Amino acid sequence: MNNEGQQSSPNNLVDEKSPYLLQHAYNPVNWFPWGETAFNKAKDEDKPIFLSIGYATCHWCHVMERESFEDDDVAKLLNDSFVSIKVDREERPDIDSIYMKVCQMMTQRGGWPLTIIMTPDKKPFFAGTYFPKFGRGGMIGIIDLLTQIVKLWDENRAEILSSTKKILSHLEESASSKLTSYDTDELFTQAFTMLSNQFDDKRGGFGSAPKFPSTHRLLFLLRYWKRYKDKSALEMVEKTLSEMRLGGMYDHLGYGFHRYSTDENWKVPHFEKMLYDQAMIILAYTETYQATKNVNYKKTSEEIISYVLRDMTHLEGGFFSAEDADSEGVEGKFYTWTKEEISTILDKEDAELYMDTFNFEANGNFLEEATREVTGVNIPFLQQSFEKDLSNISKNKNKSLEQIRTILFNVREKRIHPLKDDKILTDWNGLMIAALAKSARIFHNEDYLAAAEKSVQFILENLQTADGNLLHRYREGESVISGNLDDYAFFIWGLLELYEASFKTKYLEYAIELNKKTLNKFWDDGVGGFFFTSTDSENLLIREKQIYDGAIPSGNSVAMLNLVKLGRILSDPKLEEKADVLMQNFASEVKRAPYAYTFLLSALDFFKGPSFEIVVVGDNTAETTQKMLETINSEYVPNKIVILKDAKDEDIVKIVDILQNYNQINDQPTVYICKQFVCKQPTNDITKMLELLKDEED
């Protein structure tokens, strides 16, 4: 086999900042970053473009690199007959989204690595995902594929051009939309029914293997339970969160969740850890704690946050993107153990306690995915009950198990760590800011609040242009790429959560100004809804609008929530009208499968109401004011906005002018509660305030 691996001289990726692109900088393939240099070269040399899209912590991206992109035979074929471009999907989600849609249209499947072959003017005519060097198991090898493409390019160009026209026509058709009416209760009920049908009664979650957290579904189910008093919705949430926490998908030593479970029992994870997963899962556990008061959900949120603050935080405050599944070329090696290792590290009694508790087997409990054979190593997991395993494994053992965890964690820290993708993305940071701010508010934790504020400051200092526009990516002092809809929407969401956690008016001001920019730069003045790219972004094949809530919510779903919240805060019906138009814009798509748009439905739940507008008038440092706020935060009332009018804060009245009419009664902190556009009698009494918050039936 002619495979010399990494070459000594770099290709055109060597000056990039993306960890993913840098991983390929010494491939023998003459990679180019996305840009005019590559496209002009393809035009001048009349060559097709080989576009490969992935990300730094993608396991199969690593596999394809080792098999194909480090191979001299593959490199020669690519270098002689193609112009090869590498794209980091996390840096350029706009490019990735369009070409992933092409792949799904052409092959009915998608994923990464994403392989696209296209003309020099960016029009695709072939799409696929992972390809080995040589064909196997019915899968074509990349050598044969590229050879066939070259022949087609040289001998039947007309067929290629005809194909690109059809693909572009389908893309444009998929990007069109029209306003459609919708029935809110019908959408909620259909989504709930679909989720119920997919729910795994035995182990929680939805569907079979592989199982993903899908936490925005859980957030919707909490709201469904609240709205319709349907206990089964809450039971689905609790069952899923409990089983996830017990399984091997949770890192029982260092905390945080892995990307997904390869089996239906949450036992064997795909080991990468993503920032956005941590953020969304924190939100789910935190809200479920608020709804149930079960301290195990709080404990889990706190553990995940400790992982993020320990391992995923820049010294200046931003949050890193991900940690790889692989270390030393082996998936999961950093996280797994043999019984011999545990017995060497711990004394006999502690070793037996740990291995019995976390289900170690002599031959290992980790099946290799491809062969389904045991590997000799173990993934720590629990399997008894959420309450027993987390609260009462045996009270006299809890201290020992925590001491053992600390010992093993410290040993594990000395291992070779998986790659940390240390780029900082505005959108994913926005999600983590929202999660930290909500947890700070509900758990009364000042450290979480400080971490959220520090991240906001990092973004404002490093990922904002002089004219106030957002940028998408920061790494090693370089901030580049115009912000997309997710950057704006997620960051605004984080700012709104942070305002309600801190009542620092500047965060509300930032959110209002950025929301104006979002409307100016992304709103479709034709039929409504937000485009993913802004008016000053690079022109791609289409300017698409996204609504599907996948691993993370769509920008449109979060933007709708922001419009509703800001509309209620500012008493601005125009913002709520925009929210309604947005919903109408996507209604026909949502009706086909409502369960795929559950964050949008959560925003719609707030929009439909009943919702609460709460104004607390009082000194933020006063004990009674704080007690009022703590009581409000202790209740699971997801559809509410809270504003604090403090005599020391003159700016809040300038922003929310109706606050001029709100004053203390009897010189005591006073709460004003309005529900569904009807205001209740203001009160100084916390018990009365709580009654008004729980008044669901009037």
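The values are calculated or read from the model by the stated rules, or taken from the named source; none is laboratory data. The structure presented is a predicted model; accordingly, all values stated were derived computationally and were not measured. Using ideal geometry, Cβ is built from the backbone for each residue, glycine included, and neighbour counts are taken over all protein chains shown.
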Verdict on residue 189 being in the same structural domain as residue 602 (by TED's automatic domain parsing) and either free of Cβ contacts under 8 Å to residues at least 12 places away in the same chain or surrounded by 14 or more Cβ atoms within 10 Å (Cβ to Cβ) (or both): yes
query: What residue, among those in the stretch 316-354 that are more than 26 Å from the chain's Cα centre (by Cα) and surrounded by 20 or more Cβ atoms within 10 Å (Cβ to Cβ), is nearest to residue 277 (Cα to Cα)?
result: 337
- request: Please give the number of the condition residue 479 fails out of (1) touching a helix residue (DSSP H, G or I) at 6+ places or on another chain (Cβ under 8 Å); (2) in contact (Cβ under 8 Å) with a residue 40 or more places away in the chain.
  value: (2)
task: Filter the stretch 135-153 down to the residues that are crowded, with 16+ Cβ neighbours inside 10 Å and free of Cβ contacts under 8 Å to residues at least 12 places away in the same chain, then identify the one that is nearest to residue 77 (Cα to Cα).
output: 141
query: Hey, does the stretch 535-546 have a residue that's in contact with a Ser or Thr (Cβ under 9 Å, 6 or more places away or on another chain), closer than 30 Å to residue 176 by Cα and not in a loop (DSSP other than H, G, I, E, B)?
result: no
message: Any residue at all in the stretch 45-55 that's modelled with pLDDT under 95 and either within 22 Å of residue 152 (Cβ to Cβ) or in a loop (DSSP other than H, G, I, E, B) (or both)?
response: yes
- prompt: Failed condition for residue 14, given (1) surrounded by fewer than 22 Cβ atoms within 10 Å (Cβ to Cβ); (2) of a type outside the set (Lys, Arg); (3) in the same structural domain as residue 97 (by TED's automatic domain parsing), with all others met?
  reply: (3)
task: Go through the residues of the stretch 310-320 one by one and say whether even a single one is of a type in the set (A, V, I, L, M, F, W, C), more than 27 Å from residue 60 (Cβ to Cβ), outside any helix (DSSP H, G or I) and without any contact (Cβ under 8 Å) to a residue 60 or more places away in the chain.
output: yes
message: One residue is enough: does the stretch 159-179 have a residue meeting the conditions closer than 26 Å to residue 41 by Cα, outside any loop (DSSP other than H, G, I, E, B) and among the acidic types (Asp, Glu)?
response: yes
- prompt: Do the conditions hold for residue 68, that is, is it in contact with a Pro (Cβ under 8 Å, 6 or more places away or on another chain), more than 19 Å from residue 322 (Cβ to Cβ) and of a type in the set (Ser, Thr, Tyr)?
  reply: yes
- prompt: Has the stretch 620-629 got any residue that is in contact (Cβ under 8 Å) with a residue 40 or more places away in the chain and crowded, with 21+ Cβ neighbours inside 10 Å?
  reply: yes
query: Which numbered condition trips up residue 204, out of (1) of a type in the set (Gly, Ala, Ser); (2) closer than 18 Å to residue 245 by Cβ; (3) outside any loop (DSSP other than H, G, I, E, B)?
result: (3)
